[in-house]
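*Asks:* Okay, handing you the structure first.
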Number of protein chains: 2
Amino acid sequence: MDKDDRFMLEALRLARQGVEQRHGGPFGAVVVVDDEILGRGWNQVVARNDPTAHAEILAIRDACARLGQFHLERASLYSTCEPCPMCLAATHWARIGTLVFAADAEDAARLGFHDKAIMQKMHKPLPLSGIQVRRIMQDSAQELFELWQADQAKTPY
Amino acid sequence: MDKDDRFMLEALRLARQGVEQRHGGPFGAVVVVDDEILGRGWNQVVARNDPTAHAEILAIRDACARLGQFHLERASLYSTCEPCPMCLAATHWARIGTLVFAADAEDAARLGFHDKAIMQKMHKPLPLSGIQVRRIMQDSAQELFELWQADQAKTPY
């Protein structure tokens, strides 16, 4: 069997298990490094009462925990569905280089999921995103940034 | 003191504590419901080896855990910095209605953080995002979606 198919089958298996146990939506993901699965995740929004517990987020956290590092430069992410903007940004933050997916955001929208709607909101300027936005205390935040910048022993990421 | 300022001061305090303990970047956040802080977070990317451990994500997870629910319709999110796309999408998933922030993505970019770069990548179609993308096994994902759709006892979100 093709490697891609093998890893996607595992993501599909995790997703199916999550649906059967009613953990959340029908989504699974694995993180692969050097042809080995190092992170596994399936949607657990309902089970964990956590709106951020998407399959990809959990798979990335799992792989990072296993490797003890917050970047996954050589990793591939296999997801049963195109990542939502939260998970896509997490993929960028983790510096994952390759993404393989099966269903897409249109398919998820047909099931009633908001991935596509959120994507569209995020292409608008923040004040038009549907969220009420205010900006305050910019000077205090700048002081904080200077504190961080002055710390020679910090770990950048 | 103005309510907004009071909540932002707590977010700034958390961020400062995180910088002092070298947990990660200079970012803090609180989730407020009915004038009460129900969720707290500060950047812990370095401390937890978790690229998703941004202040806002942790504050949202904290508030949801406390309330035992995955939506925060009446909540406001106070963040010391404009949320990155991961955190903004999480704000949408959590159905948070109000966002108050201090520094913005430009300020964070001056510190070397990638919020703005990731935002720009996400405004492009996926194949131009800098991540290698492949799509496979769409039929298997559809079968999984049908399994979920057929389950009458599921919890939608």
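Just so you know, all these numbers are worked out from the coordinates, no wet-lab data involved. Please read all numbers here as calculations on a predicted model, not as lab measurements. Cβ: placed from backbone, ideal geometry, glycine included. Neighbour counts: every protein chain shown.
*Asks:* What nm distances, shortest first, do you get from the label point of B:R13 to those in the other copies when the point sits 7 angstrom along Cα to Cβ?
*Replies:* Those separations, rounded to one decimal, come out as 4.9 nm.
*Asks:* Over what distance in Å are the Cα centres of the range B:79-104 and the range A:23-42 separated?
*Replies:* So the two Cα centres are separated by 26 Å.
*Asks:* If amide H atoms are built 1.01 Å from N in the plane of the peptide, which residues on other chains or at least 5 residues away come under 5 Å of the amide H of B:A75?
*Replies:* It is B:G97, by chain and number.
*Asks:* Then there's this: I'd like the Karplus ³J(HN,Hα) series for the range B:34-47: coefficients 6.51, -1.76, 1.60, θ = phi - 60°, whole numbers in Hz, and an x wherever there's a Gly or Pro.
*Replies:* Using θ = phi - 60°, the values come out as 6, 6, 10, 6, 10, x, 10, x, 9, 4, 10, 4, 6, 4 Hz.
*Asks:* Which one of A:R16, A:R110, A:R40 has the biggest mean-square fluctuation once chain A is modelled by GNM with Cα springs under 10 Å?
*Replies:* Result for chain A, Cα springs under 10 Å: A:R110 fluctuates most.
*Asks:* To continue, here is another question. Could you state the principal axis extents of the C-alpha atoms in the range B:1-143, from the largest down, to the nearest angstrom?
*Replies:* Largest to smallest, the principal-axis extents are 55, 37, 26 Å.
*Asks:* What is the calculated FRET efficiency for B:K154 to A:Q152, with r their C-beta to C-beta distance and R₀ = 51 Å, to the nearest 0.05?
*Replies:* 0.45
*Asks:* How many Å³ per residue does the convex hull of the Cα positions in the range A:2-55 occupy?
*Replies:* 61 Å³
*Asks:* If the elastic network links every pair of Cα atoms under 10 Å, which of B:D35, B:D62, B:D104 fluctuates the most in the Gaussian network model of chain B?
*Replies:* Result: B:D35 has the largest fluctuation of those listed.
*Asks:* Which links in A:K3/A:K121; A:K154/B:K3; A:K116/B:K121 stretch past 28 Å when you go from one Cα to the other?
*Replies:* In this structure, A:K3/A:K121; A:K154/B:K3 lie more than 28 Å apart at Cα.
*Asks:* A further question on this structure: Treating each Cα of the range A:79-121 as an identical point scatterer and ignoring solvent, apply the Debye formula and state log10 I(q)/I(0) at q = 0.15, 0.24, 0.27, 0.29 Å⁻¹.
*Replies:* Summing over Cα pairs of the range A:79-121 leads to -0.36, -0.82, -0.96, -1.04.
*Asks:* Here is a follow-up. Using a ≥ b ≥ c from the Cα gyration tensor of the range A:73-156 (square roots of the eigenvalues), is it rounded, prolate or oblate, where a/c under 1.5 gives rounded and otherwise the larger of a/b and b/c decides, a/b for prolate?
*Replies:* oblate
*Asks:* Hey, another quick one. Label position 7 Å from Cα toward Cβ: report the copy-to-copy distances for B:Q142 in nm, one decimal, ordered from shortest.
*Replies:* 5.6
*Asks:* Kindly provide the helix-only [θ] at 222 nm of the protein assembly as shown, computed as the sum of -39,500 (n - 2.57) over DSSP H runs of four or more divided by all residues, to the nearest 500 deg cm²/dmol?
*Replies:* So the helix-based figure for the protein assembly as shown works out to -13500 deg cm²/dmol.
*Asks:* Would you kindly derive the ³J(HN,Hα) couplings of the range A:98-106 from the backbone phi angles with the Karplus curve 6.51 cos²θ - 1.76 cosθ + 1.60 (θ = phi - 60°), listing them in order in whole Hz, with x for Gly and Pro?
*Replies:* For the range A:98-106, the Karplus-derived couplings read 9, 10, 10, 9, 10, 6, 10, 4, 5 Hz, x marking Gly and Pro.
*Asks:* May I pose another question? Taking a point 7 Å out from Cα toward Cβ as the label site, list the nm distances between B:T98 and the same residue in every other copy, smallest first.
*Replies:* 4.8
*Asks:* Picking from B:D139, B:D115, B:D34, which is most flexible by a Gaussian network model of chain B using Cα springs under 10 Å?
*Replies:* Of the options given, B:D139 has the highest mean-square fluctuation.
*Asks:* Here is a further query. With Kirkwood's inverse mean 1/r over C-alpha pairs for Rh, give me the Rg to Rh ratio of the range B:47-121, two decimals please.
*Replies:* Value, to two decimals: 0.98.
*Asks:* A further question on this structure: So for the protein assembly as shown, considering every pair of alpha-carbon atoms, how many percent are separated by more than 33 Å?
*Replies:* 20 percent
*Asks:* Return the long-range amide H neighbours of B:D104 (sequence gap of 5 or more, or a different chain), with a cut-off of under 5 Å between placed amide H atoms.
*Replies:* Answer set, sorted by chain and number: B:E82.
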